[in-house]
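What follows is a single structure, written as structure tokens, with notes after it.
The values are calculated or read from the model by the stated rules, or taken from the named source; none is laboratory data. Quantities reported herein were computed from a predicted structural model and do not represent experimental measurements. Cβ coordinates were reconstructed from backbone atoms using ideal geometry, including for glycine residues, and neighbour counts include every protein chain displayed.
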Amino acid sequence: MKTIKITYWTATVIIALMMVFTAYSYFTSPQIAQAFQHLGFPDYFRVELAIAKLIGAIVLLAPIASRIKEWAYAGFGITFISAFIAHAASGDKAGVVMTPIFLALLAVSYIAWHKLPGREANIVTA
């Protein structure tokens, strides 16, 4: 069980940190704003996505109801798949390579979360 907890927390913290970092970048970086324009997205979408990423990172790390965590995992999964499609369509090779890696890390976190003891009680203990 200890290996599952370590796997879960490692993968989840990496995903959460990446989401917080990218959300911060979405708010502060002019290069990110240009990248969103290059991908064909409106500027307001960048702000919406940043807010959603911050909320999702908090939900993944906080001891909250399983149903809400399921929505956070689903949202991040959709975000990664959509990012892969957007980067592939625009010819951005770095995004095409990195996005599946983070999707796989999200899958590792999700699978480990389902194997954790106590998850049925809606709260995951550290």
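When TRP9 is tested against (1) part of a helix (DSSP H, G or I); (2) closer than 16 Å to ALA83 by Cα; (3) among the aromatic types (Phe, Trp, Tyr), just one condition goes unmet, and that condition is (2).
The lone criterion from (1) in a helix (DSSP H, G or I); (2) modelled with pLDDT under 95; (3) surrounded by 13 or more Cβ atoms within 10 Å (Cβ to Cβ) left unmet by GLN37 is number (3).
With respect to being among the polar types (S, T, N, Q) and in contact (Cβ under 8 Å) with a residue 40 or more places away in the chain, SER109 fits the description. Checking each residue in the stretch 87-116 for being within 13 Å of ILE6 (Cα to Cα) and assigned to a loop (DSSP other than H, G, I, E, B) picks out only LEU116. Just checking, which of PRO117, PRO100, PRO63, PRO42 is of a type outside the set (S, T, N, Q), surrounded by fewer than 19 Cβ atoms within 10 Å (Cβ to Cβ), closer than 21 Å to ALA11 by Cα and free of Cβ contacts under 8 Å to residues at least 24 places away in the same chain? Being of a type outside the set (S, T, N, Q), surrounded by fewer than 19 Cβ atoms within 10 Å (Cβ to Cβ), closer than 21 Å to ALA11 by Cα and free of Cβ contacts under 8 Å to residues at least 24 places away in the same chain holds for just one of PRO117, PRO100, PRO63, PRO42, which is PRO100. Checked against (1) modelled with pLDDT of 95 or more; (2) not in a helix (DSSP H, G or I), PRO63 passes all but condition (1).
Name the residue, out of ALA52, ALA72, ALA83, that is under 28 Å from LYS2 (Cβ atoms), surrounded by 12 or more Cβ atoms within 10 Å (Cβ to Cβ) and either modelled with pLDDT of 95 or more or in contact with a Gly (Cβ under 7 Å, 6 or more places away or on another chain) (or both). One residue alone meets the criteria, ALA72. Filtering the stretch 1-33 to residues that are among the polar types (S, T, N, Q) and buried (at least 17 other Cβ atoms within 10 Å of the Cβ) leaves THR7, THR12, THR22.
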